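Rule-based calculations on the coordinates, nothing more; no lab input. Note that this is a predicted model, so its numbers are computed, not measured. Note that each Cβ is placed from the backbone with ideal geometry, even for glycine, and that neighbours are counted across all protein chains shown.
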Ligand SMILES: Nc1nc2c(c(=O)[nH]1)N[C@H]1C(S)=C(S)[C@@H](COP(=O)(O)OP(=O)(O)OC[C@H]3O[C@@H](n4cnc5c(=O)[nH]c(N)nc54)[C@H](O)[C@@H]3O)O[C@H]1N2
Ligand SMILES: Nc1nc2c(c(=O)[nH]1)N[C@H]1C(S)=C(S)[C@@H](COP(=O)(O)OP(=O)(O)OC[C@H]3O[C@@H](n4cnc5c(=O)[nH]c(N)nc54)[C@H](O)[C@@H]3O)O[C@H]1N2
Ligand SMILES: [Mo]
């Protein structure tokens with residue numbers, strides 16, 4: 001940041017940064033525009049008699065105290081639901097203090113963006129390795145063979161694979177003679193930059209992956225290497241994969257049996273290979289099985305936990321598996337959603353069922369909602385119904401930086417500071433990074449906006465009966481004591497720091513490297529802690545202490561997958577999503593630099609489908625699913641598999657009452673009106689946002 005007082009002159013990447021080497025994405029470069037955006041909220045808002053007005057912080061908290069506390073007293077804690085959105089995992093305040101709030105409320109109704117995203121991967125990791133955050137990450141910089149499914153990291157920049165400049169890192173794989181294979185219904189930018197692309201039928205990844213396992217076992221290509229003594233349950237694998245031969249799955253996946261056999265042989269034959277799946281493999285009907293099979297392949301080819309394979313990062317702070325944990329079984333379903341009986345996973349309930357929890361009367365009905373950095377009215381399935389449900393709430397608070405599609409339903413909005421006005425440490429994403437690094441970023445701008453951690457603690461005070469003028473510093477001390485106790489360090493070591501800086505300091509001191517926050521402050525370009533290192537067996541904490549490769553909690557769903565083989569391949573049109581470089585889910589569309597140019601919110605259709613349906617490029621189509629219908633421009637392209645339509649999510653900003661002037665004039669259409677809240681991954685209830693049956697006709 002080049003600053004002139006509090007005016008930002010320029011934003012560019014830090015060439016000396018140990019991880020990014022100066023690479024930044026267009027959204028990072030837009031932080032100046034975010035800073036200057038007049039629509040961004042800088043003070044709390046209260047809605048009275050349907051009209052919004054600015055409020056002081058004291059007024060806003062008094063209003064929350066007046067309306068939320070009686071509701072909890074009368075109806076109990078489960079009457080309050082919390083929705084945690086994606087920005088809350090990129091935000092130190094929300095990450096470190098959000099938990100204190102929902103623990104203080106004591107509600108089981110915690111809904112998250114994770115349940116439209118990666119929960120299946122946590123579930124499979126929890127049962128395979130013992131901890132849901134023990135997630136193997138492709139060792140991008142050393143692998144020779146990368147099989148990517150349902151991921152477009154050239155656009156998304158890598159997810160469950162934190163890696164700046166993915167393009168450069170993928171180029172390097174090919175530069176050293178390696179191979180990249182992409183499995184995606186669409187020929188994405190990543191597919192264009194790969195050696196081989198297979199346009200798979202949406203939702204059929206688990207079938208393909210099982211067939212790859214089938215070939216590797218059948219042709220005796222299994223090579224466990226040093227993993228052999230650390231795996232249990234392998235003997236059940238042949239029977240599980242028996243039905244899924246290449247010939248059986250070929251008509252359902254759209255990939256020929258010969259190609260499948262060749263893919264399996266090349267994967268098994270590569271010196272160092274990694275299999276990686278992302279949202280196209282998790283947010284779908286067989287998300288958990290696909291997530292599991294990705295790692296089954298990594299194990300049976302001997303690539304798990306080996307250099308150039310799929311490895312376990314060791315972050316400097318917050319990594320749950322940093323020290324050997326007592327052996328115990330991962331558990332899920334400790335409670336279930338009231339209306340649809342869906343299981344919690346990691347304490348989170350599927351957001352696909354939030355609307356009916358609000359709309360269905362009875363004990364524990366959701367009457368109040370707190371959103372924390374989330375926009376579920378654009379991001380979650382059957383979005384129209386959720387918006388209608390929000391109208392029925394007795395009270396709603398949004399902790400959010402805009403008055404937008406979701407927060408317009410709130411009664412009180414509490415803004416947070418922009419990224420430049422808060423300190424940052426990437427607590428979550430270093431745990432998923434392709435290299436072990438640590439970096440502390442101090443706030444570069446002052447702000448009048450209260451820090452989110454302070455607002456969250458004030459809410460803790462309110463829901464615990466201490467009132468809106470509770471002692472925030474004392475509550476912060478309690479949180480710090482808890483963090484210190486769990487990390488086994490003395491809280492006094494971090495004095496006189498307070499807030500997130502104290503917690504990060506304590507977590508670093510409790511962490512696996514001999515560093516504290518002062519070391520990071522002395523290294524403004526970051527600390528490089530080296531390439532990923534093998535971590536088995538210490539990283540495993542299952543009951544057996546081994547990789548439980550055929551854990552029953554996962555394989556129970558195999559029969560449902562096998563039933564797919566008995567169905568005739570269908571010619572039903574299906575919808576999938578796509579990410580766009582200049583979008584950030586739903587929320588950066590209010591920055592002119594990121595929405596310039598042609599309308600990106602188009603329905604991509606294959607020329608054959610367009611001809612059959614009478615669709616014309618650039619003209620409007622009506623797209624209909626069980627849950628709703630939208631109208632948007634058609635983009636005819638042979639980059640999409642016939643029978644598949646792709647629409648990006650996060651658009652549809654032309655709603656009444658939002659205060660996002662730029663986004664409203666580049667509105668696009670909300671694809672999640674079409675996403676069906678009844679289509680879920682069988683084990684976790686994660687929404688199947690890919691593979692939704694639709695009809696398309698000229699509008
Ligand atoms: N069809 C379809 N739907 C999808 C997906 C898909 O692939 N296809 N992807 C899913 C995925 S992976 C995800 S993660 C979800 C995301 O779903 P959400 O997390 O619900 O949506 P976002 O757009 O990330 O939410 C951004 C919200 O946070 C606010 N915000 C931004 N910065 C801050 C901040 O610093 N503090 C606070 N308090 N608020 C802030 C924004 O104003 C906005 O309201 O979408 C999901 N929805
Ligand atoms: N620029 C930008 N970057 C982002 C985001 C953003 O909104 N914009 N969002 C961030 C978030 S929250 C996340 S979770 C990550 C997601 O990161 P990625 O998963 O890499 O993101 P996508 O681009 O949605 O890639 C998913 C791919 O899956 C394909 N696909 C759809 N259905 C199927 C299927 O059934 N099988 C297979 N094999 N493929 C399928 C789609 O065509 C698409 O190319 O991106 C993050 N990065
Ligand atoms: Mo996500």
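May I ask for the distance between the Cα centers of the range 104-159 and the range 577-605, given as a whole number of Å?
Using only Cα atoms, the two centres lie 24 Å from each other.
Please order 570, 544, 646 by the number of other Cβ within 10 Å, starting at the fewest.
Fewest-to-most Cβ neighbours within 10 Å comes out as 570, 544, 646.
For the range 570-698, evaluate the Debye formula with one uniform point scatterer on each Cα (no solvent term) and list log10 I(q)/I(0) at q = 0.10, 0.22 Å⁻¹, rounded to two decimals.
Relative scattering, expressed as log10 I(q)/I(0), comes to -0.32, -1.32.
Per Stokes-Einstein, at 10 °C and 1.306 mPa s, what whole-number D in µm² s⁻¹ belongs to the range 443-540, with the Kirkwood radius over Cα pairs as the hydrodynamic radius?
Rounded, D is 101 µm²/s.
So for each of 410-420, 49-59 I average, over its residues, the number of other beta carbons within 10 Å; can you give me the resulting order with the highest mean first?
410-420, 49-59
Please report 535, 626 as a ranked list, fewest other C-beta atoms within 10 angstrom at the top and most at the bottom.
626, 535
On average, how much area does the Cα convex hull of the range 373-518 cover when viewed from any direction, in nm²?
11.3
For labels at residue 538 and residue 1 in the simple 7 Å Cα→Cβ model, what's the distance in nm?
3.7
Using only alpha carbon positions, build the gyration tensor of the chain, then give the equivalent ellipsoid semi-axes as the square roots of 5 times its eigenvalues, largest first, whole angstrom.
The equivalent ellipsoid of the chain has semi-axes of 38, 31, 25 Å.
With a Förster radius of 45 Å, plug the Cβ-Cβ distance of residue 21 and residue 99 into 1/(1 + (r/R0)^6) and report the FRET value to the nearest 0.05.
Numbers: r = 34 Å, r/R0 = 0.75.
About 0.85, to the nearest 0.05.
Write down the percent of antiparallel bridges among all DSSP beta bridges whose residues are both part of the chain, to the nearest 5.
Taking every DSSP beta bridge with both residues in the chain, the antiparallel ones total about 45 percent.
At residue 176 and residue 613, where each label point lies 7 Å from the Cα along Cα→Cβ, what is the point-to-point distance in nanometres?
4.4
Stretched out fully, how many nm does the piece from residue 631 to residue 580 gain, at 0.36 nm a residue minus the Cα gap?
Result: 16.4 nm gained on full extension.
Work out, in µm²/s and without decimals, the Stokes-Einstein translational diffusion coefficient of the range 218-346 at 4 °C, 1.567 mPa s, Rh from Kirkwood over C-alpha pairs. Don't skip to the answer; put the middle values down first.
Numbers: Rh = 17.4 Å.
The Stokes-Einstein estimate is 74 µm²/s.
Run through every distinct alpha carbon pair of the range 616-675 and return the Kirkwood hydrodynamic radius in angstroms, one decimal place.
Kirkwood hydrodynamic radius for the range 616-675: 12.8 Å.
Dividing the alpha-carbon radius of gyration of the range 287-401 by 2.2 N^0.38 Å (N being the number of residues), what value is obtained?
Normalised by 2.2 N^0.38 Å, the Cα Rg of the range 287-401 equals 1.46.
Calculate the length of the line joining the C-alpha centroid of the range 474-553 to that of the range 317-372, in whole Å.
The two parts, judged by their Cα centres, are 25 Å apart.
Determine the equivalent ellipsoid of the range 578-634 by diagonalising the alpha-carbon gyration tensor, then write out the semi-axes as square roots of 5 times the eigenvalues, largest first, rounded to whole Å.
Working: eigenvalues 125, 41, 19 Å².
Each semi-axis is √(5λ); the values are 25, 14, 10 Å.
Rg over Rh of the range 47-153, using C-alpha atoms and the Kirkwood radius, what does it come to?
Rounded to two decimals, Rg over Rh is 1.13.
Need one number: % antiparallel among DSSP beta bridges in the range 570-698, to the nearest 5.
Details: 13 of 19 bridges.
Percent antiparallel among DSSP bridges in the range 570-698 is about 70.
Let me check I have the definition right: for the range 1-115, take the eigenvalues of the Cα gyration tensor, multiply each by 5, take square roots. What are those semi-axes in whole Å, largest first? Don't skip to the answer; put the middle values down first.
Numbers: eigenvalues 258, 91, 26 Å².
The answer is 36, 21, 11 Å, longest axis first.
With all distinct Cα pairs included, what does the Kirkwood hydrodynamic radius of the range 180-272 come out to in Å, to one decimal, could you say?
14.1
Rg (Å, one decimal) plus Dmax (Å, integer) for the alpha carbons of the range 31-90?
15.3, 46
When a footprinting reagent is the concern and you count Cβ atoms within 10 Å, what order do 65, 505, 247, 482 take, fewest first?
Least to most surrounded, the residues fall as 247, 482, 65, 505.
I need the calculated FRET efficiency for the pair residue 226 and residue 271, taking r as the beta carbon distance and R₀ as 22 Å, to the nearest 0.05.
0.90
Any idea what the relative contact order of the chain is, in percent, if you count C-alpha pairs under 8 Å spaced at least 6 apart?
20
Give me the distance between the Cα centres of the range 382-454 and the range 220-264, rounded to whole Å.
43
Using only the alpha carbon atoms of the range 474-626, find the Kirkwood hydrodynamic radius as the inverse mean reciprocal pair distance, in angstroms to one decimal.
Across the range 474-626, the inverse of the average 1/r is 23.0 Å.
Could you calculate the FRET efficiency of residue 42 with residue 328 from 1/(1 + (r/R0)^6), where r is the beta carbon distance between them and R0 is 56 Å, rounded to 0.05? All intermediate terms of the calculation are to be shown ahead of the outcome.
On the way: r = 46 Å, r/R0 = 0.83.
It comes out at approximately 0.75.
Could you work out, for the range 318-383, what percent of all Cα-Cα pairs fall into each 10 Å distance bin, beginning at 0 Å and stopping at the bin that holds the largest distance?
Using 10 Å bins, I get a P(r) of 17, 39, 25, 16, 3 for the range 318-383.
Mean residue ellipticity at 222 nm from the helices of the chain, using -39,500 (n - 2.57) per DSSP H segment of n ≥ 4 over the full residue count, to the nearest 500 deg cm²/dmol?
When only DSSP H runs of four or more count, the value is -8500 deg cm²/dmol.
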